[in-house]
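Bear in mind that the values in this text are calculations on the coordinates, not laboratory data. None of the values given here were measured: they were computed from a predicted structure. Every residue, glycine among them, receives a Cβ derived from its backbone with ideal geometry; neighbour counts consider all protein chains shown.
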Ligand code: ADP
């Protein structure tokens with residue numbers, strides 16, 4: 001049976017109270033009995049007592065004294081005390097109330113009345129205790145709330161003084177808060193953006209990743225950070241380093257997101273500036289080297305021409321004079337070639353217009369072969385022009401394509417030893433025409449293959465070849481530009497010492 005309260009009876013002659021105790025127990029109370037005030041104190045500390053029945057006449061310390069002591073202990077002072085007296089006229093009621101008593105009963109007991117009083121006081125005490133508990137709970141809740149408010153105020157002040165934009169959103173990414181820095185960085189006032197979708201307010205693109213990847217990371221890890229380009233209210237684009245976290249409730253369910261965005265535009269710009277400076281410096285050195293190279297390339301044929309002229313003036317033998325004249329012609333045409341290449345390159349930079357017309361590729365290739373016939377014969381090259389029958393027409397600028405294949409075949413002939421083989425093969429692929437220029441020449445080292453299409457790039461091996469070919473390192477750069485202007489592509493395969501294959505793919509009209 002659950003007790004309705006806990007009563008402690010303090011009396012030096014408890015036998016007298018047997019009856020009372022029994023009645024109270026029957027009424028549902030737990031009843032303990034102490035022989036004296038001294039015995040009572042330790043018992044009080046154990047389980048909370050709702051009421052004390054205290055005998056007045058006790059030998060060592062009378063009831064009044066026990067009561068006064070009880071009331072002096074903060075922990076016990078609220079326990080109601082009812083005095084017990086043998087005779088009503090023996091009790092000093094004023095004194096009893098003075099020392100803190102709440103009521104009194106006299107023997108012989110009127111049990112119904114005693115129980116009624118006991119019940120009232122126990123209930124009152126329990127109510128008071130509940131009230132006190134409630135008040136204690138409330139005040140700790142209030143204190144907690146105050147602490148939280150202070151913390152929140154501190155946080156929101158912090159939010160407003162930091163220089164990073166701090167933006168929080170709900171689950172649907174609608175803006176919930178937008179701090180001062182966000183106003184300063186993006187130019188939008190908080191009032192203008194609250195409730196709006198973040199994407200609608202700030203247009204952005206990711207720098208090193210895609211939107212899908214960033215969102216996937218955010219959903220999976222609850223966090224994403226990286227660089228984004230964002231647009232401000234006035235349209236300017238800024239570089240932002242963004243750190244986004246998903247906010248969850250106590251059950252781990254997402255309730256929104258918060259982004260801390262740092263404007264790194266200036267930092268990026270100064271890095272870009274450094275890079276620009278570096279590129280400028282690089283370009284200047286590059287140009288200086290190139291000019292040195294070209295003047296060297298030009299000087300070689302010029303020296304040959306001058307020497308030949310000098311000898312021409314002195315020779316009378318027609319055979320020798322003819323040889324010198326031929327030499328001069330060859331060198332002059334090399335010079336023309338160099339200048340032509342430089343001009344073509346600069347024209348390609350500024351005038352990317354093509355005069356497109358339906359073109360027979362085999363016809364272009366035949367013209368190239370005819371033009372280079374003297375070199376082929378001179379070097380005793382086994383030359384094959386292999387074009388499949390009925391190749392489709394392509395839409396191309398035949399003059400420019402001629403330049404492409406003159407360059408490729410000239411290189412093939414040049415970088416192949418005498419008596420080697422050069423094959424030009426044209427075939428049709430899927431939606432394209434493929435032309436291969438295959439030689440059995442010196443080949444190109446893998447590290448050079450990636451760079452030979454750059455302007456002015458010449459592999460060391462080519463430089464060392466002692467010959468009249470005054471290379472500029474521009475030929476393949478021109479070739480690639482023209483091919484790309486035709487929406488085609490070029491690739492090279494080569495093995496040093498075995499030969500090279502240049503493959504040009506040109507789309508059908
Ligand atoms: P260059 O005027 O030096 O020939 P190109 O742009 O035509 O300039 O070629 C760049 C470099 O590519 C050459 O210097 C040479 O090293 C290499 N190269 C081009 N074609 C061949 C080839 N068929 N065989 C070997 N090396 C080649």
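Compared with the dominant Cα axis of the chain, that is its longest principal axis, helix 398-414 is turned about 80°. Helical content of the chain, expressed as a calculated mean residue ellipticity at 222 nm, amounts to -16000 deg cm²/dmol (DSSP H runs of 4 or more residues, -39,500 (n - 2.57) each, divided by residue number, nearest 500). In the range 69-221, the alpha-carbon atoms span a convex hull of 244 Å³ per residue. Sorted fewest first by neighbouring Cβ atoms within 10 angstrom, 453, 111 come out as 111, 453. Here the residues 156, 494, ranked from fewest to most Cβ neighbours within 10 Å of their Cβ, fall in the order 156, 494. Reducing the range 367-385 and the range 442-460 to their Cα centroids gives an inter-centroid distance of 24 Å.
Could you tell me the relative contact order of the range 344-438? Use alpha-carbon pairs under 8 Å, at least six residues apart, and round to a whole percent.
33
Assuming a ≥ b ≥ c are the square roots of the Cα gyration tensor eigenvalues, decide whether the range 53-142 counts as rounded (a/c under 1.5), prolate (otherwise, with a/b larger than b/c) or oblate. Oblate, because a/c is 1.5 or more while a/b does not exceed b/c. The separation of the range 58-95 from the range 111-172, counted between C-alpha centres, amounts to 36 Å. Axis angle, to the nearest 10 degrees, between helix 111-161 and the longest C-alpha principal axis of the chain: 20 degrees.
Taking the fewest neighbouring Cβ atoms within 10 Å as the starting point, the ordered list for 51, 408 is 408, 51. Kindly identify the range 15-77 as rounded, prolate or oblate by the Cα gyration tensor criterion: order the square roots of the eigenvalues as a ≥ b ≥ c, call it rounded if a/c is under 1.5, otherwise compare a/b with b/c, prolate if a/b is larger, else oblate. It is oblate, given that a/c is not under 1.5 and a/b is not larger than b/c.
Determine the percent antiparallel among the DSSP beta bridges restricted to the chain, to the nearest 5.
70
Normalised by the number of residues in the chain, the mean separation of alpha-carbon contacts (under 8 Å, six or more apart) gives a relative contact order of 7 percent. Between the helical axis of 211-221 and the dominant principal axis of the chain, each derived from Cα atoms, what acute angle in degrees is found, rounded to the nearest 10? Computed tilt is about 30 degrees. Under the rule a/c < 1.5 gives rounded, and otherwise a/b versus b/c splits prolate from oblate, where does the chain land using the Cα gyration tensor? Prolate shape, in that a/c is at least 1.5 and a/b is the bigger ratio.
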